[in-house]
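Remarks on the structure that follows.
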Amino acid sequence: MSRVLITGAAGFIGSHLTRTCLDVGHEVHVVVRPGSDDSRLDALDQSIERHNFDLQSEDAMKSCLSEISPEFVFHLAARPRRREEAELSDAKAGIKEHLTALLNLLGAASSVPHPPLKIIRTGSIAEYGTAPRPYEEESREMPATAYGAELASATHLIGGLQRRLPFPVITTRLALVYGPTQSTEFMIPLFIERCLAGQPCVVHHSGDRRDLLHVTDVVDALLRIADAPVSTRLVNVASGVAPTMREVAELIVERTGADPDLIEYRLGGMSAGANELRASTARAKDLFGWSARIPLREGITRTVEWHRQAPALSNTNAGRWSRETA
């Protein structure tokens with residue numbers, strides 16, 4: 001059993017990681033930002049230790065790390081979806097979330113009496129942007145969005161600081177993750193909700209290709225990387241397969257039993273970033289013995305069944321984040 005600290009634990013991936021860490025017997029501490037929606041952790045309250053503070057506070061982070069001395073830190077705190085705002089306010093907020101918070105964590109962790117053995121950070125294959133596919137870890141990034149650029153900057157900052165840190169920091173560049181409890185701000189849960197409700201939906205950029213990964217596979221990868229005796233600066237965590245958005249939508253229609261005539265597919269227009277996101281998976285397999293185990297059809301089936309069985313929760317999210325199109 002290990003003592004672990006998870007930032008971003010109230011989020012989609014973080015809550016799944018928290019539950020799995022408890023299931024395998026770890027002592028789990030989580031950082032929850034005051035005012036954030038922590039409903040995904042409600043069922044786990046009696047089993048986890050909460051630490052309520054903002055990652056912008058290095059003093060609070062140092063106090064937390066000194067108190068609990070975690071062996072492993074999973075740094076998942078990041079907002080994957082941010083609307084573009086005037087005067088680049090969205091990018092300014094991203095710098096605080098992805099760079100300032102990261103520096104506070106690294107600074108605090110490197111100064112406490114008992115530093116962690118390893119920090120595992122989540123990034124995104126969006127960092128590669130328009131680089132040649134499939135993305136290799138040593139590829140030169142060509143981010144096509146502010147989000148991708150912010151994460152790539154953080155990845156390089158870690159590389160520049162690594163020799164000064166008493167622990168390795170491993171960045172996992174994640175494919176697009178989906179699964180139960182994801183908010184309907186994202187295409188797959190939104191599309192499932194609308195199909196189950198018999199509502200029409202438009203799939204924009206239906207020819208775009210995306211490397212998709214079920215959240216269970218992501219959690220498995222993070223834990224394998226933490227446990228492994230080897231290390232690396234950077235590793236892709238992806239399926240290596242990139243179906244079109246039309247193919248994904250058609251699979252959801254099939255699994256939900258929705259009327260195909262309710263769906264409109266559109267091509268053309270400007271995509272939000274690269275029109276294909278697809279990563280090489282060789283390093284994850286070679287170093288950590290990890291590869292995705294849940295094929296898209298099975299993952300979509302599992303996710304649809306969760307939406308069928310948890311209508312209250314999913315409809316609450318839909319009311320908060322749903323949009324007319326996917």
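Of these, L105, L65, L76, which one is among the hydrophobic types (A, V, I, L, M, F, W, C), within 21 Å of T216 (Cα to Cα), in contact with a strand residue (DSSP E or B) (Cβ under 9 Å, 6 or more places away or on another chain) and modelled with pLDDT of 95 or more?
Being among the hydrophobic types (A, V, I, L, M, F, W, C), within 21 Å of T216 (Cα to Cα), in contact with a strand residue (DSSP E or B) (Cβ under 9 Å, 6 or more places away or on another chain) and modelled with pLDDT of 95 or more holds for just one of L105, L65, L76, which is L76.
Any idea which of (1) buried (at least 19 other Cβ atoms within 10 Å of the Cβ); (2) touching a Ser or Thr at 6+ places or on another chain (Cβ under 7 Å); (3) within 21 Å of A154 (Cα to Cα) is the one M61 doesn't satisfy?
For M61, the failing item is (2).
For P168, all conditions in the list (1) of a type outside the set (K, R); (2) buried (at least 24 other Cβ atoms within 10 Å of the Cβ); (3) touching a strand residue (DSSP E or B) at 6+ places or on another chain (Cβ under 6 Å); (4) more than 30 Å from R302 (Cβ to Cβ) hold save one; what is the number of the exception?
(2)
Can you tell me which residue is surrounded by the most Cβ atoms within 10 Å (Cβ to Cβ) among those in the range 122-136 that are β-branched (V, I, T) and more than 10 Å from A279 (Cα to Cα)?
Checking each candidate, the answer is T122.
Tell me yes or no: at least one residue of the range 144-156 is outside the structural domain of L190 (by TED's automatic domain parsing), assigned to a loop (DSSP other than H, G, I, E, B) and in contact (Cβ under 8 Å) with a residue 12 or more places away in the chain. Break it down stepwise before answering.
Step one: filter the range 144-156 for residues outside the structural domain of L190 (by TED's automatic domain parsing), giving 144-156.
From what's left, assigned to a loop (DSSP other than H, G, I, E, B): 144-145.
Still in the list and also in contact (Cβ under 8 Å) with a residue 12 or more places away in the chain: 144-145.
So far as the range 144-156 goes, yes, one or more of its residues are outside the structural domain of L190 (by TED's automatic domain parsing), assigned to a loop (DSSP other than H, G, I, E, B) and in contact (Cβ under 8 Å) with a residue 12 or more places away in the chain.
If we only count strands (runs of 3 or more DSSP E) wholly inside the range 179-252, which ones have 3 or more residues that are touching a Lys or Arg at 6+ places or on another chain (Cβ under 9 Å)?
Where strands (runs of 3 or more DSSP E) fall fully within the range 179-252 and carry at least 3 residues being touching a Lys or Arg at 6+ places or on another chain (Cβ under 9 Å), they are 201-203, 234-237.
Can you tell me which of G35, G11, G25 is in the same structural domain as I225 (by TED's automatic domain parsing) and surrounded by 23 or more Cβ atoms within 10 Å (Cβ to Cβ)?
None of the others qualify; the one that does is G11.
Would you please list the contacts, defined by Cβ atoms under 8 Å and residues six or more apart or on different chains, that run from a residue in the range 274-289 that is of a type in the set (V, I, T) to a residue that is modelled with pLDDT of 95 or more and surrounded by fewer than 18 Cβ atoms within 10 Å (Cβ to Cβ)?
Pairs that qualify, where the first residue is of a type in the set (V, I, T) and the partner is modelled with pLDDT of 95 or more and surrounded by fewer than 18 Cβ atoms within 10 Å (Cβ to Cβ), are T281/S291.
Please work out which one of (1) crowded, with 17+ Cβ neighbours inside 10 Å; (2) in contact with a Ser or Thr (Cβ under 6 Å, 6 or more places away or on another chain) is the condition H114 fails and give its number.
(1)
When only residues in the range 73-127 that are touching a residue at least 12 places away in the same chain (Cβ under 8 Å) and among the polar types (S, T, N, Q) count, which is nearest to G14 (Cα to Cα)?
Restricting to residues being touching a residue at least 12 places away in the same chain (Cβ under 8 Å) and among the polar types (S, T, N, Q), the top hit is T122.
Is it the case that the range 207-223 has a residue that's assigned by TED's automatic domain parsing to the domain that holds A78, more than 16 Å from the chain's Cα centre (by Cα) and closer than 16 Å to R121 by Cα?
Among the residues of the range 207-223, not one is assigned by TED's automatic domain parsing to the domain that holds A78, more than 16 Å from the chain's Cα centre (by Cα) and closer than 16 Å to R121 by Cα, which makes the answer no.
Hey, G25 hits all of (1) modelled with pLDDT of 95 or more; (2) not in a loop (DSSP other than H, G, I, E, B) but one; which does it fall short on?
Condition (2) is where G25 drops out.
Exactly one condition in (1) surrounded by 14 or more Cβ atoms within 10 Å (Cβ to Cβ); (2) out of contact with any helix residue (DSSP H, G or I) (no Cβ under 6 Å at 6 or more places or on another chain); (3) closer than 19 Å to R3 by Cβ is false for F72; which is it?
The single condition F72 does not satisfy is (2).
Assess whether T256 counts as being crowded, with 17+ Cβ neighbours inside 10 Å, of a type in the set (S, T, N, Q), more than 30 Å from H75 (Cβ to Cβ) and in contact (Cβ under 8 Å) with a residue 40 or more places away in the chain. Write out each step before concluding.
Numbers: crowded, with 17+ Cβ neighbours inside 10 Å: yes; of a type in the set (S, T, N, Q): yes; more than 30 Å from H75 (Cβ to Cβ): yes; in contact (Cβ under 8 Å) with a residue 40 or more places away in the chain: yes.
Against the criterion (crowded, with 17+ Cβ neighbours inside 10 Å, of a type in the set (S, T, N, Q), more than 30 Å from H75 (Cβ to Cβ) and in contact (Cβ under 8 Å) with a residue 40 or more places away in the chain), T256 qualifies.
With the checklist (1) modelled with pLDDT of 95 or more; (2) outside any helix (DSSP H, G or I) in hand, flag the one item S271 doesn't pass.
Single failed check for S271: (1).
How many residues does the range 1-22 hold that are in a strand (DSSP E or B) and among the charged types (D, E, K, R)? Steps first, please.
Here is the first cut: in the range 1-22, the residues in a strand (DSSP E or B) are 3-7.
From what is left, the residues that are among the charged types (D, E, K, R) are 3.
Final tally of qualifying residues: 1.
How many residues does the range 228-241 contain that are surrounded by fewer than 21 Cβ atoms within 10 Å (Cβ to Cβ) and closer than 21 Å to G179 by Cβ?
Step one: filter the range 228-241 for residues surrounded by fewer than 21 Cβ atoms within 10 Å (Cβ to Cβ), giving 228-234, 240-241.
The next check asks that each one be closer than 21 Å to G179 by Cβ; those that pass are 240-241.
Matching residues across the range 228-241 total 2.
When you scan the range 283-305, do you find a residue that is in a strand (DSSP E or B), touching a Ser or Thr at 6+ places or on another chain (Cβ under 6 Å) and farther than 21 Å from I125 by Cα, even just one?
Within the range 283-305, none of the residues are in a strand (DSSP E or B), touching a Ser or Thr at 6+ places or on another chain (Cβ under 6 Å) and farther than 21 Å from I125 by Cα.
The values are calculated or read from the model by the stated rules, or taken from the named source; none is laboratory data. Small disclaimer: the values here were computed from a predicted structure and weren't measured. Note that each Cβ is placed from the backbone with ideal geometry, even for glycine, and that neighbours are counted across all protein chains shown.
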